[in-house]
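The values are calculated or read from the model by the stated rules, or taken from the named source; none is laboratory data. Bear in mind the structure is a predicted one, so any value in this text is a computation, not a measurement. Glycine also receives a Cβ, built like all others from the backbone with ideal geometry; neighbour counts cover every protein chain displayed.
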Amino acid sequence: MIGDRDENGGGSAVTMLVELKNIGKAYDRESVLKNISLTIGKQQIIAILGGNGVGKSTLLRIVAGMERPSSGKMIFQNKKIKIGYAPERFPKNIRFTPEEYLNYTGKISGMPRSIMHKSIPDLLKRFKLEQFNDQWVMNLSKGNIQKVGIIQAIIKRPDLLILDEPLSGLDSLAQQELLRIMKELKKEGTTILLTYHESNLFEKMVDAAYYVKNGVLTKTIDIVKEPIKLLEVERLDESNVEKWDEIINIEKKTDKLLLYVHAKDSDKVLYRILQSEGSIKRVVTVETPGEDNT
Amino acid sequence: MKNLIKYTLHDYIRSHKYFPPISTFIIIIFVFYTYTPNPIIDSYAVTAVVLYIISAWVCLSMLQLDPPVQRQLMAIHVGSWNRYYLSKLVSVLVISIILSAFAFLYPIVFKMFSEPVTFTTGLVTFANHIILSILGISLASLFSKVIMKSTINSFGGLTLTIVLSLAAVGIERVLPPFLKNILWILPPATITQIPLLDWNGRHIDNLALFPFIWVIIYSFIITFLFLQLAKRLR
C-alpha cells in the first residue's frame, strides 16, 4: 500500500474494498476532479468512462496511491492491500529483458520465489513474449511493451488491479488473453478498476461503470441492464454536444463524432442532432445483455 | 528494499551513466597522488571532500534513471514512497562506499604515503569519506529532478550550493559577526577538515567529534526534508 491512507474504522459494508470520499484534484489551480465519492466493493470489475482529458487516469492514479488528491480522502478496508497498476503508457526505456524486469518487480513486491518461477514464464507464454526474452524491453514493439506493463501489474495477484486503457496497442490475441486473465483474477477475489475507449470487449464483464464529466462522477451506468447506442454523426460541433446530459461518451474521429447514449435516450438525442443540422451516418447498438453487437 | 537497490544498481550499470562521475573520481585520485610521499590525514581529508562532490553527482544521475511512471510503478511494488526513495539513496551510498574504499586503499597499495596507516587513522579517515558522501547524497537528493523540475535549477542549484559549502571558511572570514550564524544553513562540507588537520592521528580522544556528528545530523535533516517534499510533490 502506498500513499497516505486511512484504515477504515468499521461500519461499512463487509464487501467494501476502497472508499473514495469527496476526492478532488487540481493542477495549477485548474480543477480536474471535483468531489468524487465512490465505493469499490470486493471482487468487482468497475469501469471509469469519459472522453479524453476528463481526469479518468488521474482518478486511477489517485486510487493507486501514486498521486495525492488535493482534497478528500481514501479509505482502505485493509491497509496492506496489494495493488497492481498498468499505466496507459508503460515506460519505454527499460534496460532489462521482459523476464529480468518481471523477476525484479516480483522480488521487489515480496513475491515468494517459488510462485514467481512458475507464474512469470507462464504469463510470458500466455502473452507470447517468451520469444523476446533476449531483448531489452526498450527494444520491443509498442504492443509488446504494453504487455510487459500489464504482466507486471497482474503478476502478484493483486487485491485491486488498476488498468488504464489496457487494450491500447494490444493485438486481438493478447486482448482475449487479458480478458481471460481478468476473469480468472476476479474469480480469485481481485477487484478490477479500469478505463477504456472504443471497445465493447469489456462491457459484458463490467459490473458497474461510472462516467467522469467536467471533473464530476456524473452518472452510474448499469451496463448489464441497459443497452447503449452508438450514434455516428457528421457536421456537428463537439462543444454543442458536450452540454447534452444524455450523452455518456463522446469520441472524435476525423470529421465524425461518435456519441454513446442509452437506448432509451437515443430518440431524443437523434432529434436534437437533426435540430442542430447534424447528419446521422449510423446508429448501432454497441452492447446488449447476453447478445453480440448488432 | 534490498531488491530495489539491486535493481537500481543493475540499471545504473546498464545505463552507463556511472561513467562520467566515477571516471572523474578515479582520474582525480590518480592525479592527486602523482607525487610521493604524501601526508596521510591531509591527503585523505582532501579525497573525502572530492568524494562529497562526486557522490552528489552520482546521486543526481541515479535519481534521474527512472522516468516518472517507472517511479510510480516501483513505489507501488516496494510498498511506499519512502522505501522507494531510501532504496535509491542507499544505492548511491553503495557506490560511494566502493569509491571510498578505492580512495582509501589506492595510496596504501601503491605506497603513496611516507609512513604506514594506523588502524585508528584508517578508521577515522575512512569514516570521514563515508560521512561526507552521505552529505553529498542528501544534498543532491534535494536538488534532483524529483524536486526540481528544471535542469538549470537542479544542476545550477546543486553546483552553487556545493561551491558555497566549500567556500564556507572564506565566507566566514568576511561576514560581520552577527551574520556568522547564517553559515549553519550551509552544508558542513569543510567542517571536518580543521579537526582532522589538527589531529595527531594517535588517539580518537584527541579528535573533536562534534563536526562529524553535525554532518550526520545535517544529512538526516536534509534527507527527511527530501522525503517529505517528494511525497508532497507527487
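Out of A:Gln152, A:Gln77, report the one residue that is surrounded by 15 or more Cβ atoms within 10 Å (Cβ to Cβ) and assigned by TED's automatic domain parsing to the domain that holds A:Thr58.
A:Gln77
Taking the range B:78-98 only, how many residues are facing chain A (nearest Cβ under 9 Å) and free of Cβ contacts under 8 Å to residues at least 24 places away in the same chain?
So the answer is 2.
So which residues in the range A:223-257 are acidic (Asp, Glu) and either closer than 24 Å to A:Ile62 by Cα or modelled with pLDDT of 80 or more (or both)?
Step one: of the range A:223-257, the residues acidic (Asp, Glu) are A:226, A:232, A:234, A:237-238, A:242, A:245-246, A:251, A:255.
If the condition is that a residue be acidic (Asp, Glu) and either closer than 24 Å to A:Ile62 by Cα or modelled with pLDDT of 80 or more (or both), then A:Glu232, A:Glu234, A:Asp237, A:Glu238, A:Glu246, A:Asp255 are the ones that fit.
Return a yes/no flag: does the range B:27-40 have any residue that is within 19 Å of B:Ile134 (Cα to Cα) and surrounded by 15 or more Cβ atoms within 10 Å (Cβ to Cβ). If you could, list the steps in order and put the result at the bottom.
We begin by selecting, within the range B:27-40, every residue within 19 Å of B:Ile134 (Cα to Cα); these are none.
No, the conditions are met nowhere in the range B:27-40.
Being modelled with pLDDT under 90 and either crowded, with 20+ Cβ neighbours inside 10 Å or among the hydroxyl-bearing types (Ser, Thr, Tyr) (or both) narrows it down to one of B:Ser80, B:Ser61, B:Ser87, so name that one. So that I can check it myself, show each step before the final result.
Numbers: B:Ser61 fails: modelled with pLDDT under 90; B:Ser87 fails: modelled with pLDDT under 90.
The conditions single out B:Ser80.
For the range A:182-199, enumerate the residues that are of a type in the set (S, T, N, Q) and surrounded by 19 or more Cβ atoms within 10 Å (Cβ to Cβ).
A:Thr190, A:Thr191, A:Thr195
Please state which of the following conditions B:Leu196 fails to meet, knowing it meets all the rest: (1) of a type outside the set (Phe, Trp, Tyr); (2) assigned to a loop (DSSP other than H, G, I, E, B); (3) in contact (Cβ under 8 Å) with a residue 40 or more places away in the chain.
(2)
Quick check: anything in the range B:124-132 at pLDDT 85 or above and either more than 17 Å from B:Ile191 (Cα to Cα) or in contact with an Asp or Glu (Cβ under 7 Å, 6 or more places away or on another chain) (or both)? Can you show your working first?
Keep residues of the range B:124-132 that are at pLDDT 85 or above, which gives B:124-132.
Filter once more, so that each one left must be either more than 17 Å from B:Ile191 (Cα to Cα) or in contact with an Asp or Glu (Cβ under 7 Å, 6 or more places away or on another chain) (or both): none.
No, that holds for no residue.
Scan the range A:27-68 for residues that are surrounded by 14 or more Cβ atoms within 10 Å (Cβ to Cβ) and within 14 Å of chain B (Cβ to nearest Cβ) and jot them down.
We begin by selecting, within the range A:27-68, every residue surrounded by 14 or more Cβ atoms within 10 Å (Cβ to Cβ); these are A:31-36, A:38-51, A:54-68.
The answer is A:Ser57, A:Thr58, A:Leu60, A:Arg61, A:Ile62, A:Val63, A:Ala64, A:Gly65, A:Met66, A:Glu67, A:Arg68.
Could you list, in sequence order, the residues of the range B:23-51 that are within 18 Å of the chain's Cα centre (by Cα) and either polar (S, T, N, Q) or farther than 22 Å from B:Phe113 by Cβ (or both)?
B:Ser23, B:Thr24, B:Ser43, B:Thr47
Pairs only if they're at least six apart or on different chains, beta carbon under 6 angstrom, first in the range B:1-14 and within 7 Å of chain A (Cβ to nearest Cβ), second assigned to a helix (DSSP H, G or I); list them, first residue then second.
B:Asn3/A:Lys107; B:Asn3/A:Ile108; B:Leu4/A:Ile108; B:Leu4/B:Val78; B:Leu4/B:Ser87; B:Tyr7/A:Tyr104
Restricting the range B:15-26 to residues that are surrounded by 15 or more Cβ atoms within 10 Å (Cβ to Cβ) and aromatic (Phe, Trp, Tyr), which is farthest from the other protein chains (Cβ to nearest Cβ)?
Applying the filter and picking the extreme gives B:Phe25.
Mind listing whichever residues of the range B:60-108 are of a type in the set (Gly, Ala, Ser) and under 16 Å from B:Leu139 (Cβ atoms)? Step through it out loud before you land on a result.
To start, the set of residues in the range B:60-108 that are of a type in the set (Gly, Ala, Ser) comprises B:61, B:75, B:79-80, B:87, B:91, B:96, B:100-101, B:103.
Of everything in the range B:60-108, those that are of a type in the set (Gly, Ala, Ser) and under 16 Å from B:Leu139 (Cβ atoms) turn out to be B:Ser61, B:Ser96.
Tell me the residue from A:Leu173, A:Leu217, A:Leu194 that is closer than 23 Å to B:Ile76 by Cβ and of a type in the set (A, V, I, L, M, F, W, C), please. Walk me through how you get there before you give the answer.
Values: A:Leu173 fails: closer than 23 Å to B:Ile76 by Cβ; A:Leu217 fails: closer than 23 Å to B:Ile76 by Cβ.
Just a single option satisfies the conditions, and that option is A:Leu194.
Does B:Thr47 meet the test of being more than 14 Å from chain A (Cβ to nearest Cβ) and polar (S, T, N, Q)? Walk me through it before giving the result.
Values: more than 14 Å from chain A (Cβ to nearest Cβ): yes; polar (S, T, N, Q): yes.
Yes.
Does A:Val206 satisfy the condition of being part of a strand (DSSP E or B) and at pLDDT below 85?
For A:Val206, the condition - part of a strand (DSSP E or B) and at pLDDT below 85 - is not met.
What single numbered condition from (1) touching a Phe, Trp or Tyr at 6+ places or on another chain (Cβ under 8 Å); (2) buried (at least 18 other Cβ atoms within 10 Å of the Cβ) fails to hold for A:Leu179?
A:Leu179 satisfies all of (1) touching a Phe, Trp or Tyr at 6+ places or on another chain (Cβ under 8 Å); (2) buried (at least 18 other Cβ atoms within 10 Å of the Cβ) except (2).
Hey, could you check the range B:217-234 for residues that are surrounded by fewer than 14 Cβ atoms within 10 Å (Cβ to Cβ) and away from chain A (no Cβ under 14 Å) and say which is farthest from A:Thr58 (Cα to Cα)?
B:Ile217
Being outside any strand (DSSP E or B) and touching a strand residue (DSSP E or B) at 6+ places or on another chain (Cβ under 9 Å) is true for just one of A:Leu193, A:Leu185. Which residue is that? Please lay out each step first, then the result.
Working: A:Leu193 fails: outside any strand (DSSP E or B).
Residue meeting the stated conditions: A:Leu185.
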